[in-house]
Structures are given as C-alpha cells and as structure tokens.
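Accompanying notes for the structure given below.
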Amino acid sequence: MEIITSKYKKVADFCYELFGEAGLMLHKSKFSNKLFTQYQHLFMLVYKQFRKFTYKELLEDLSDNITLRAYLGLNKLPEYTTLIKFAKRVPSIIFEKMMVAFSKYIEQPEKVAIDGTGISLDNASPHYCKRIGKKYHKRPFLKLSVIIEIKHYLILQFKVRKKARHDLVDAYPMVKKLAKQYKPEAFYGDRGYDSEKLFKLVFEELGAYPFILQKRLDVPKHRRKGQYRKQTVDVFDYGEYLQRNKVETAFSILKRKFGFSIKSHDVKNQKVEAMCRIVAYNIDRLLEAGKQVILIFIRITRVSY
C-alpha cells in the first residue's frame, strides 16, 4: 500500500470518506452532465479554505498541481463561475449531515462549551481608512455560534447567521442537535446563555451539568426564577467555569489558520464559505491529533476515478 505523506492528499482522503459517511450522492441529479461530482466540488471549496484562496487563485493553484489533480480524478478543471454557482445552490443540510458524520471520528466529549463570534465581511483596515481620510463604518459580519469539545477544540455544532440575534436563539436548537450525538458531563456558557429553558435542556436532554454564569449574582436564591437556576446557584464552581475560556482559544485557532474575514459577496456564498471553513478546521484538528481513522496510511479507492 502507498503511504500518503502529502497533507492535502490526506485532506482529500478524509473529505471523500466524510462525504460518503454523510450519505452524499456523487451527483445531485441523474440529469447532471456528469463532468464533475459533488465530492470534487465540495473538496475544492474545503481546499480553498485551507489555502485562503479566492476562486480564481484556487483554480490557478490546481492547474499547476498536477499530482493533486490526478489524485482527485480531475481530468479538467471547472470555470471559477461553476464553483460560485455550486456554492450558491448547495443546501445547508449537507453541512449538517457532515457534522453528524464527524461524530464517527470524534470520541465522546466530557466537557463542551458554547459561545459566539463574528467573522468580518470587510477586509478594510480601520488604520488605513484613517490614514487616507476615508470614512470608516462599522464592519459588517457573520455571526458564528458554536459548541466545542474543549479537549481537542473540535467543533461539534454550529450556526451561521447574517443578522445579529441573541445568543439564546441559536443555543436551543444547537443543544437539541448535540444531544442526539453526544453525552457530555459538563456544559459551559457565559452570562449570555443564562436562561431557565437552556438549563432545563442541558439537564434533561443533554444529561450534563450546566456551568453557566448567572446574571446578578448579588440577588439571593429565594428571589431567583427557575427551578434549575436555583438548583445550581449555591454550588456554582467559578474555578471550573473558567474552562469556558477555551472556546476563545478555538476561535483564535480558527481565525489564525483560516482567516479573519470572508471574501464572498453573496449572502448564501458567505455562509457556505463559513461552513466550509468549519469543516476544514475540524479536519485540520483531527489530522493534528493523529487519528488513525482518518486513513493517513491507506489510499482510498474512490469511485470518482
């Protein structure tokens, strides 16, 4: 068997295995022209995040990388507009299936944390705008909410939205989805997630203990609302709660490795780019963790050849 040493061949192997585990079809329709598979298009979108390329830069890189093209079974390359159109029509449920498929490669987490961050949609530097006398407005951004396991900083669930919303709006469905795949022992969150409904979901559906910092700690227990909030306020371990800060480390890794901003202009493409970035991030973390299930030493025989 051939030993694979190239990082991006390993990424390709993992991607194709992940797509198969997620139950994705090679072609979206039987009427497709069959020039390219969904697997090839999706891999190129994930590979684009690894290299921080634009669509044109991505295709220029692949045109020069004959070895990787042959490994992917790409006899010819698509136009960059083909990839843009594919990203615009790819349904979000595909990425949800991928996150479920990741559970095959991720061991059951003991501790998970939830938080949100913004990904900039503007590359303009505030300092440069000031230097040239250009009026600087508040940067537009995508809001990314995630639940991570804090041992290997892997993303277990996510939600991407364009408009600003309260953290709890995305937290409820994320916790419900998480409970179907994982059973952690502890759940960490900051004051933004202080809600009796969320405490109840964490206790009853997730089966975890909520280390969620409550608002107004000066208010006595008898004046607080909610059965579960009262139950945890007296025995709250603030030192253990500080484990929540590890979610900030995950955001730092994500942005340093894959960029602080999104390059697409269309709203749907911006969300797809963010979701591909999360897939790339998880693959990168698993490769660094040295998981043998990623098939580092075995070349997968793929039907796209």
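The values are calculated or read from the model by the stated rules, or taken from the named source; none is laboratory data. Only a predicted model underlies this, so the values are computations on that prediction, with no experimental measurement involved. Because the Cβ atoms are built from the backbone with ideal geometry, glycine has one as well, and the counts that use them run over all protein chains shown.
Which pairs do you get when a residue that is of a type in the set (Val, Ile, Thr), found in the stretch 20-37, comes within reach of a residue that is not in a helix (DSSP H, G or I), reach meaning Cβ atoms under 9 angstrom, with the pair 6+ apart or on two chains?
Close Cβ pairs (under 9 Å, with a partner that is not in a helix (DSSP H, G or I)) amount to Thr37/Met25; Thr37/Leu26; Thr37/His27; Thr37/Gly73; Thr37/Val303; Thr37/Ser304.
Does the stretch 77-90 hold any residues that are within 19 Å of the chain's Cα centre (by Cα) and either farther than 15 Å from Glu273 by Cβ or surrounded by 15 or more Cβ atoms within 10 Å (Cβ to Cβ) (or both), and which are they?
Ala87, Val90
Scanning for something surrounded by 13 or more Cβ atoms within 10 Å (Cβ to Cβ), modelled with pLDDT of 95 or more, touching an Asp or Glu at 6+ places or on another chain (Cβ under 7 Å) and assigned to a loop (DSSP other than H, G, I, E, B), does the stretch 174-184 turn up at least one residue?
There is at least one residue in the stretch 174-184 that is surrounded by 13 or more Cβ atoms within 10 Å (Cβ to Cβ), modelled with pLDDT of 95 or more, touching an Asp or Glu at 6+ places or on another chain (Cβ under 7 Å) and assigned to a loop (DSSP other than H, G, I, E, B).
Checking Asp167 against (1) in contact with a Ser or Thr (Cβ under 8 Å, 6 or more places away or on another chain); (2) in contact (Cβ under 8 Å) with a residue 60 or more places away in the chain; (3) surrounded by 15 or more Cβ atoms within 10 Å (Cβ to Cβ), only one condition comes out false. Which one?
(2)
In the set Phe31, Phe36, Phe53, which member is over 20 Å from Phe102 (Cβ atoms), within 23 Å of the chain's Cα centre (by Cα) and either among the acidic types (Asp, Glu) or not in a helix (DSSP H, G or I) (or both)? Steps first, answer last, please.
Values: Phe31 fails: within 23 Å of the chain's Cα centre (by Cα); Phe36 fails: within 23 Å of the chain's Cα centre (by Cα).
Checking each option against the conditions leaves just Phe53.
Just a yes or no: is a residue in the stretch 192-212 surrounded by 15 or more Cβ atoms within 10 Å (Cβ to Cβ) and closer than 30 Å to Leu83 by Cα? Explain how you work it out, then say what you get.
The first filter runs over the stretch 192-212 and keeps only residues surrounded by 15 or more Cβ atoms within 10 Å (Cβ to Cβ), leaving 192-195, 198-203, 206, 208-212.
Next cut, closer than 30 Å to Leu83 by Cα only: none.
No: zero hits.
For the stretch 284-293, does any single residue satisfy the condition of being touching a strand residue (DSSP E or B) at 6+ places or on another chain (Cβ under 9 Å), modelled with pLDDT of 90 or more and surrounded by 15 or more Cβ atoms within 10 Å (Cβ to Cβ)? Can you show your working first?
Of the residues in the stretch 284-293, the ones touching a strand residue (DSSP E or B) at 6+ places or on another chain (Cβ under 9 Å) are 285-286, 289.
Then drop every residue that is not modelled with pLDDT of 90 or more, which leaves 285-286.
Next, only the ones that are surrounded by 15 or more Cβ atoms within 10 Å (Cβ to Cβ) stay: 285-286.
Yes, that holds for at least one residue.
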